[in-house]
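Please treat every number below as a calculation from the coordinates, not as lab data. This is a predicted model, so every value here is computed, not measured. For neighbour counting, all protein chains shown are included, and Cβ atoms are generated from backbone atoms with ideal geometry for every residue, glycine included.
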Amino acid sequence: MLAYIIRRFLLLPIIILGVTFLIFCVFSLLSPMERLATYIHDPSTLKNPQSVERLINKYHLDDPFPLGYINWLKRIVRLDLGWSQTANQSVWDAICQRFPATLELVLYSIIPVILVGIWLGVISAVHHNDMLDQTIRVTAIIGWSLPTFVFGLLVLFIFYGILDWLPPGRLSSWAQDIVYASSNFHSYTHLITIDALLNGNISIFLDALRHLIAPIITLSYISWAFLLRITRSSMLDTLRKDYVRTARSKGVDEHTVIHLHAKRNALIPVITVAGMMIIGMLGGVMITETIFTYPGLGFWAATAAQQLDSGSVISFALLFATLMIVGNLIVDISYALIDPRVRLE
Amino acid sequence: MNRTVRKLFSNASSLVGIVLLFIFIIIALFAPIIAPPLSDNPYQVPRMSWDVNPQPPGFPISDDIREVYDFMGTEIKYDKAICGTAEGGYDIFYGLIWGTRTAFKIGLITVTVAGFIGVFIGSISAYFGGWIDEGLMRITDIFLSFPFLVAAMVLTTILGRGLDKVMIALIVFGWMGYARLIRGSILSAKEETYVMAAKALGVKDIKIIWKHLLPNTIFPVMVQGTMSIGSMVITAAALSFLGVGAPVGYADWGQMVSFARNWIIGAPGHAGQYWYTVLYPGIFIVLFVLAWNLVGDTLRDILDPRLRGEL
């Protein structure tokens, strides 16, 4: 058990190094000139051949592959990620500025994943094969087949276009004035809902929440549809176990059998999947934020990709890969800690 | 095998999937008859007007476009946009029909190639074990460290637009699941006596993998492949939606949906005016993916020994 955790921690830097190497390989498909564009603030410098030559030397873009990689790595470690043309600021500043918005969205999206996915999954398994189960199952498969961008547009179409309930963006303009321009509003965490509560401003809290609901639903529905299927099959397995039969034959009432005996054990594998699903939502962030013009990292990365701002796109990928690696590590270790069969080994 | 086919046809949900797939195959095969191309490149969606605004279903081809075709001597075989036009006057119906071919092309090619790469790496890894296994599996981990869509987007941004580049990106970051799956199966299968016997007889390693191990372990990979055709098509469409996939005007469902993005809210006072821009392409994508998922889902249930006899 301890050996496993130590091994995982030792592998962490190797994997991260591998990720940077892979990203650099992809980056190297571009010519030095194209790569140079990701370091330059003023595009007109690229017109002067002499300054281009000088800059290519300065940033070591003409070096042979291994040297180029080491130089690039050195800059990454210093968080010198270049200049983002799309955001018109340095890539690192762009990331720092947009990170809280994405974090807020992902954090809130965890709630429906856990609640709906696990809760409906258990219900579906308990009512195995009757109408309710079939309905839940079919809904989950359809949800699984519905691409985020179609679903998101439908949500936008219905709840904004027709009903005008859930507007896109992160805040209404009146709230933006207060949050970003007013001196009375203090940004402690940069998560607007929490800041609003800390400032005691309920109307801003409600406004931020109103903007969050549609992106949350769009980002999370695939995860909970999938989790529901996993919970269902894990619960079905557990309900067939001998100890469940024993409990039933002892005359334990059905509610206790399901919630005390079966559910607890059935949820052990579900936890890993839930963790993976939450991490997996990182991938959906780009589409969700693009649809709802939600000013987070994903929206920025998608815009950068359209404008071929490769430096920003690559930094975004590096960041998300790191987040995913760390997330996976946490999930794996917590799984090892939770499951008594693994823990005692 | 017979049992599998019988189950596939007797299960209601997989039957729906098979029927849907059959319809899509018909559409793809007869695309030139259903929607006759107006230019040399059939994957280029024809425009029904030069107007940026989408036009409602039944919109007749505009006069200035008709003039262009008359001038080029092209016979206009249909003159109405049955499902309306998308942003820029692109005919939605044409895009849907030819987009079916694009979807099949993306799904089948990426899954086949990614499957081969994955099976190759996974079986080598499992069969030889030791540091080869360790090395190959860590490489697999590195590729798995990226969210799929993010990785595919980065690669297409660097490689440039085009359907071939999208497929390359999907393959480069799509093989890892198969590698892990086949590795697990081969790890347990290689301890079986028939493998020992083959080894004792001096059969070459490659032949043992190819003739003895793979035939016994490949089926779960094929099920996995069936199930991921849908997600490959979705990811390709998502790339088009983000604006880094197929070139503008290419018959591709994702792009049809992305055309709808700016219009979905409708004009002030006419909420939902442009419903057709998202509804029709959306239905095609969902049904296509659903069909593969239904078939794959049933296949998996059939193969899962724990559920046998319960279907």
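Put a dot 7 Å past the Cα of B:F219, heading toward its Cβ, do the same for B:W50, and the two dots end up 6.2 nm apart. Within a straight-line Cα-Cα reach of under 17 Å, A:K241 can be paired with the following lysines, leaving aside sequence neighbours fewer than 8 residues apart in one chain: A:K250, A:K263. Under 17 Å of direct C-alpha separation, and excluding same-chain neighbours fewer than eight residues apart, B:K207 reaches these aspartates and glutamates: B:E191, B:E192. Between B:L201, B:L299, B:L20, the Gaussian network model of chain B with springs among Cα atoms under 10 angstrom shows the greatest mean-square fluctuation at B:L201.
Run the reach check for B:K190 against aspartates and glutamates, Cα to Cα strictly under 20 Å, same-chain hits fewer than 8 apart removed. What comes back? Straight-line reach from B:K190, under 20 Å: B:D133, B:E134, B:D205. Rounded to the nearest 10 degrees, the inclination of helix B:148-159 to the longest alpha-carbon principal axis of chain B is 70 degrees. Remark: the range B:272-281, residue by residue, has Karplus-estimated 3J(HN,Hα) of x, 4, 9, 3, 5, 5, 9, 4, 5, x Hz, where x stands for each Gly or Pro and the curve is 6.51 cos²θ - 1.76 cosθ + 1.60 at θ = phi - 60°. Taking B:I33, B:I229, B:I283 in turn, the Gaussian network model of chain B (Cα-Cα springs below 10 Å) assigns the largest fluctuation to B:I33.
Determine, for each peptide in A:121-133, A:248-260, A:228-240, the mean count of other beta carbons within 10 angstrom over its residues, then list the peptides with the highest first.
Listed from highest to lowest mean packing, they are A:228-240, A:121-133, A:248-260.
Exposure here means at most 16 other Cβ atoms within 10 Å; with trypsin sites (Lys or Arg not before Pro) in a DSSP loop as sites, the longest stretch of chain B lacking them is B:78-203. Given in Å, the Rg to one decimal and the Dmax to the nearest whole number for the Cα atoms of the protein assembly as shown are 26.6, 87.
For A:L11 and A:Y188, a Förster radius of 41 Å and the Cβ-Cβ distance give a FRET efficiency of 0.70, rounded to the nearest 0.05.
Across the range A:2-84, the fraction of Cα-Cα pairs farther apart than 17 Å, rounded to a whole number, is 53%.
Amide H contacts of B:Y90 (H built 1.01 Å from N, in plane; Pro and chain starts excluded): B:M48 sit under 5 Å, all sequence-distant by 5 or more or on other chains.
Helix screen, chain A: DSSP H segments with Cα axial length of 27 Å or more and mean Kyte-Doolittle hydropathy at least -1.0 are A:2-27, A:91-112, A:202-239, A:263-291, A:310-338.
Taking θ as phi - 60° and the Karplus parameters 6.51, -1.76 and 1.60, the scalar couplings of the range B:223-240 work out to 4, 4, x, 4, 6, 8, 4, x, 6, 5, 5, 4, 5, 4, 5, 5, 5, 4 Hz in sequence order, x denoting glycine and proline.
Distance between the pseudo-spin-label points of B:D63 and A:Q89 (7 Å out from Cα toward the beta carbon): 5.3 nm. Taking a ≥ b ≥ c as the square roots of the eigenvalues of the Cα gyration tensor, the range B:200-311 is classed as oblate, since a/c reaches at least 1.5 and a/b does not exceed b/c. Amide hydrogen proximity for A:W83: with H placed 1.01 Å from N in the peptide plane, the residues at 5 or more positions away or on another chain lying under 5 Å are A:Y39, A:I40, A:V91. For chain B, the longest principal axis of the C-alpha atoms and the axis of helix B:163-172 are separated by about 20°.
Remark on B:A246: its backbone amide H falls under 5 Å from those of B:G162, B:S240, a criterion applied only to residues 5 or more positions apart or on other chains, H modelled at 1.01 Å from N. Along the range B:297-302 the Karplus relation, 6.51 cos²θ - 1.76 cosθ + 1.60 evaluated at θ = phi - 60°, assigns HN-Hα couplings of 4, 5, 3, 5, 4, 5 Hz to successive residues, with x for each Gly and Pro. Top mean-square fluctuation among A:Q176, A:Q134, A:Q50, Gaussian network model of chain A, C-alpha springs under 10 Å? Largest GNM mean-square fluctuation: A:Q50.
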